[in-house]
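The structure under discussion appears below in the form of structure tokens.
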Amino acid sequence: MSNQYSLCWKHGDLKILHPRRGLLPVQNQKGCPQLPRALALDLIEETMRSLKFEKEQKWMQELIQSHPVLRELPQRIQDRLLADVGGWKDLPISRRQRKRLQRDSCLVHLYAGEDDGFTLFRALKQQGGNTNQLLEIDLKRGEFHNMLNDVGTYSGLLCAVMHDKVDAFIAGPNWRTRSVFRHYPKENAPRPI
């Protein structure tokens, strides 16, 4: 994600090209170029977030190089961990859920399996838990859940983490009662039912 602006000053007019917003509405007042107040404040906040994200990415890079498990990963996987931070719209949820997530926080269930049968969502609902705070992710729920895409779920999750809106991640293989994995003998694995 490039955070570089393009500026062009020609014949007393200033044109500012934002990397994502396009041409900004610069107004010339008494020879002084100005942006609308709300936009200027929004751009300042965006720049501050960008600086924080750069700091976080540097931290992530240092973690990958120093952590005994992460530094043993193949270089191609290490490179993929340093993805650009996306936006809230990159998460595979509705606009209403996205607004709730931005306001509150969530529990992310990675590799949740298909959205049928006795899912964690269903179990949480049966027990009277807050299902509004559960975000389930699995490629079996659609291509938009693919965490390997450059822009999408992974970058959206990074955004949620950077905004401190993820309380916890849980993940694991799909060990439902009908799972074929139950029929392979493994230590500490559930037995067939």
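Structure above, values below:
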| item | result |
| --- | --- |
| Single condition Gly113 does not satisfy, out of (1) under 15 Å from the mean Cα position of the chain (by Cα); (2) at pLDDT below 85 | (1) |
| Residues within region 147-169 that are over 15 Å from Ile93 (Cβ atoms), without any contact (Cβ under 8 Å) to a residue 60 or more places away in the chain and in a loop (DSSP other than H, G, I, E, B), tallied | 2 |
| Flag if Lys89 is touching a residue at least 40 places away in the same chain (Cβ under 8 Å), closer than 30 Å to Phe121 by Cα and basic (Lys, Arg) | yes |
| Number of positions in region 10-24 that are touching a strand residue (DSSP E or B) at 6+ places or on another chain (Cβ under 9 Å) and either exposed (fewer than 10 other Cβ atoms within 10 Å of the Cβ) or aliphatic (A, V, I, L, M) (or both) | 6 |
| Flag if Gln61 is closer than 30 Å to Arg141 by Cα, modelled with pLDDT under 90 and either not small (Gly, Ala, Ser) or not in a loop (DSSP other than H, G, I, E, B) (or both) | no |
| Residue within region 2-18 that is touching a His at 6+ places or on another chain (Cβ under 7 Å) and at pLDDT 80 or above present | no |
| Filter pass, Arg100 being assigned to a helix (DSSP H, G or I), surrounded by fewer than 11 Cβ atoms within 10 Å (Cβ to Cβ) and in the same structural domain as Lys165 (by TED's automatic domain parsing) | no |
| Some residue of region 44-51 being within 23 Å of Asp164 (Cβ to Cβ), outside any loop (DSSP other than H, G, I, E, B), among the polar types (S, T, N, Q) and without any contact (Cβ under 8 Å) to a residue 40 or more places away in the chain | no |
| Evaluation of Gln61 against (1) free of Cβ contacts under 8 Å to residues at least 40 places away in the same chain; (2) within 18 Å of Arg20 (Cα to Cα) (one fails), failing number | (2) |
| Filtered residues of region 64-86 (kept if at pLDDT below 85 and of a type in the set (D, E, K, R)) | Asp79, Arg80, Asp84 |
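The values are calculated or read from the model by the stated rules, or taken from the named source; none is laboratory data. This one's a predicted model, so the numbers in the text were calculated from it and none came from an experiment. Neighbour counts run over all protein chains shown; Cβ positions are idealised from the backbone, glycine included.
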